[in-house]
Amino acid sequence: MLVEMIDICKVYPPNVVALKHVDFSLERGEIHALVGENGAGKSTLMKILSGLIRPSFGEIRMNGQRVQINSPVVAARLGIGMVHQELALVGSLRVYENVVLGSEPSRFGLFQPQKSSQIVKQLAERFGLNVDVNAITQELSVAGRQKVEILKQLYRNVDILILDEPTAALTPQESEELFDEMFRLRDRGKTIVFVSHKLDEVLKISDRITVLRKGEKITTVKNDGSINAAQLAEMMVGKRIELVSIKTRRSAGDPVLVVKDLSLVDRTNGKKLLDGVNLTVHAGEVVGIAGVEGNGQNELIEVLIGLRKPSSGSINILGKDVTSLDLRRRRSFIAYVPQDRKNVGLALKATITENLIMTHHMNPPLRRKWLLDKSVAKGLASRLIKDFEIVCRSPFEKVQNLSGGNQQKVVVAREISLNRQLIVLDQPTRGLDVASTQYLRDQVLMLRESNKAVLLVSADLDELMDLSDRIYVMRSGRIVAELDPRTVDKTVVGYHMLGVSA
């Protein structure tokens, strides 16, 4: 075995057990998938392997020899590197400069840019990574920046490459290109750990699969066709999970949201962030917004909910022009689940009850004259905790102590309970495990069945295809296509996102 992690335990103060006697091994030249719910221990195990944290107990062997991986520097010397989901690159530098940063070729103490560029170019060609090594890094797509991170590790001659949710923000075409690159790396003797929630991708590319649940290893299996996504999900969660959202066809109702010729110009540089956007969302339908990240989706959401004022155009909700309304008055029309639940959707140091009653607290029955009725607040919070299956010790537990999935349930419970006709969901399942994801997808379909209008922005094309009645594709701040997911597949959506012909 190339790597053996034996009887690994990790305990955090005061007595939080993250890993319990986990065995994990890697063979040379394999793609090994690591799956499990949020909090199952995947990140902890990989942080131990990459030297970011130390185990409380257990040992690691490489090629049969016991090793101490006390830091990422030691891990790199042993040939272990990790590409995190949040890419850590200097945007203003060129690709080759990012790759060699910290280990730059030099002569007489002076950096050699031409030699560096040539070394990185040869490295990219050797491993089949198609990227312009002289490009400015911030001008690359997410997929391009990911290649730079992989090149950084290959430049340091790693044998073991850990990829954390690498396809989270990629189009289908970009994901396929990444998989081809992973296969080439494997064929050249590299070992890849593929950490992912996307079980179809796991089954498509991995040689072996390890499942963790609640800090324990459930199994390691060969991916030889004997296991399917439903079985994997059941092992991850400990119960059967229905992975497919069954959406009944129904006629849409009256328009709830009508956006006409919406434009937004960046006042600092004159760049058009939104360019003549037109879209409609009807009662009883889910409308998806697809697009490579950074093509106007965030700006569209910010303008819709009132965080930014458009340069031109109009926003009409339930027949009322709300374009000039401020954020607070706009909230009386819109429920909003933000992409960043920790910094935007929640007050982490507040209790679950306090988070659940936000917005409610301005109106009766919670507000009586100038005072908050605490008994009514507690009753509302308890009902929402029960209805939305929020796992917690009490309504007065701080929301920062909840898992990511339960934090998201708090946001969703609060927003749905506002009973708005328009619900805007921005990446609602990003970073969630399979059980939490399916729960939130079910909530979206329930909103649709209750005749609400749902605008869903997601980087997950499978999610958009499963849930949406119609999909708008955004590119460079414009709507470039309106598609029916019943008549096209996600590859076609991906082509429109990239602006290339099928």
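So in the range 445-502, with the set limited to residues that are under 27 Å from Gly313 (Cβ atoms) and β-branched (Val, Ile, Thr), which one is nearest to the chain's Cα centre (by Cα)? So, considering only residues that are under 27 Å from Gly313 (Cβ atoms) and β-branched (Val, Ile, Thr), the one nearest to the chain's Cα centre (by Cα) is Val457. Scanning for something within 24 Å of Asn406 (Cβ to Cβ) and either of a type in the set (Ser, Thr, Tyr) or in a helix (DSSP H, G or I) (or both), does the range 464-478 turn up at least one residue? Among the residues of the range 464-478, at least one is within 24 Å of Asn406 (Cβ to Cβ) and either of a type in the set (Ser, Thr, Tyr) or in a helix (DSSP H, G or I) (or both), which makes the answer yes.
A single member of Asp200, Asp132, Asp164 is closer than 22 Å to Leu2 by Cβ and either in contact with a helix residue (DSSP H, G or I) (Cβ under 6 Å, 6 or more places away or on another chain) or in contact (Cβ under 8 Å) with a residue 24 or more places away in the chain (or both), and it is Asp164. Would you confirm whether or not the range 210-225 contains a residue that is of a type in the set (A, V, I, L, M, F, W, C), modelled with pLDDT of 90 or more, buried (at least 19 other Cβ atoms within 10 Å of the Cβ) and not assigned by TED's automatic domain parsing to the domain that holds Lys490? The answer is yes; a qualifying residue exists.
Taken over the range 179-197, residues that are surrounded by fewer than 21 Cβ atoms within 10 Å (Cβ to Cβ) and part of a loop (DSSP other than H, G, I, E, B) amount to 3.
For the range 99-120, the set of residues classified as part of a loop (DSSP other than H, G, I, E, B) and over 28 Å from Val195 (Cα atoms) consists of Glu104, Pro105, Phe108, Gly109, Gln112, listed by residue number. Checking each residue in the range 147-168 for being under 23 Å from Met465 (Cβ atoms) and crowded, with 22+ Cβ neighbours inside 10 Å picks out Pro166, Thr167.
Of all residues in the range 428-442, those that are touching a residue at least 40 places away in the same chain (Cβ under 8 Å) and touching a Ser or Thr at 6+ places or on another chain (Cβ under 6 Å) total 2. Condition check for Leu45 on (1) assigned to a strand (DSSP E or B); (2) at pLDDT 90 or above: one failure, at (1). Within the range 312-324, if we keep just the residues that are within 19 Å of Arg267 (Cβ to Cβ) and modelled with pLDDT of 95 or more, the residue that is surrounded by the most Cβ atoms within 10 Å (Cβ to Cβ) turns out to be Thr323. Scanning the range 256-296 for residues that are buried (at least 23 other Cβ atoms within 10 Å of the Cβ) and polar (S, T, N, Q) yields a count of 0. Determine whether Phe57 is of a type in the set (A, V, I, L, M, F, W, C) and at positive phi. Taking the combined requirement at face value, the residue does not satisfy it. Looking only at residues in the range 72-93 that are touching a Leu at 6+ places or on another chain (Cβ under 8 Å) and among the small types (Gly, Ala, Ser), the one that is nearest to Ala143 (Cα to Cα) is Gly81.
Scanning the range 105-115 finds no residues that are modelled with pLDDT of 90 or more and surrounded by 17 or more Cβ atoms within 10 Å (Cβ to Cβ).
Every residue, every condition in (1) surrounded by fewer than 13 Cβ atoms within 10 Å (Cβ to Cβ); (2) of a type in the set (Ser, Thr, Tyr); (3) part of a loop (DSSP other than H, G, I, E, B), yes or no:
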site	(1), (2), (3)
Val11	no, no, no
Lys20	no, no, no
Met82	no, no, no
Gln85	no, no, yes
Gly91	yes, no, yes
Glu97	no, no, no
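Within the range 483-502, the set of residues being charged (D, E, K, R) and touching a Leu at 6+ places or on another chain (Cβ under 8 Å) comprises just one member, Lys490. Among the residues of the range 63-96, the ones that are of a type in the set (Lys, Arg) and within 30 Å of Asp132 (Cα to Cα) come to 2 in all.
When Ile53, Ile69 are screened for being without any contact (Cβ under 8 Å) to a residue 40 or more places away in the chain, surrounded by 14 or more Cβ atoms within 10 Å (Cβ to Cβ) and assigned to a loop (DSSP other than H, G, I, E, B), only Ile69 passes. Quick one: in the range 147-201, which of the residues that are of a type in the set (Val, Ile, Thr) and out of contact with any strand residue (DSSP E or B) (no Cβ under 8 Å at 6 or more places or on another chain) is farthest from Asp433 (Cα to Cα)? Only one residue fits best here, namely Val148.
Yes/no matrix, rows are residues, columns are (1) farther than 22 Å from Ser206 by Cα; (2) in contact with an Asp or Glu (Cβ under 9 Å, 6 or more places away or on another chain):
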| position | (1), (2) |
| --- | --- |
| Ile119 | yes, no |
| Ala143 | no, yes |
| Glu149 | no, no |
| Val158 | no, no |
| Leu161 | no, no |
| Thr171 | no, no |
| Glu176 | no, no |
| Leu185 | no, no |
| Gly189 | no, yes |
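Scanning the range 409-434 for residues that are within 22 Å of Glu234 (Cα to Cα) and within 15 Å of the chain's Cα centre (by Cα) turns up Thr429, Arg430, Gly431, Leu432, Asp433, Val434.
The values are calculated or read from the model by the stated rules, or taken from the named source; none is laboratory data. Keep in mind the model is a prediction, meaning the values are calculated, not measured. Because the Cβ atoms are built from the backbone with ideal geometry, glycine has one as well, and the counts that use them run over all protein chains shown.
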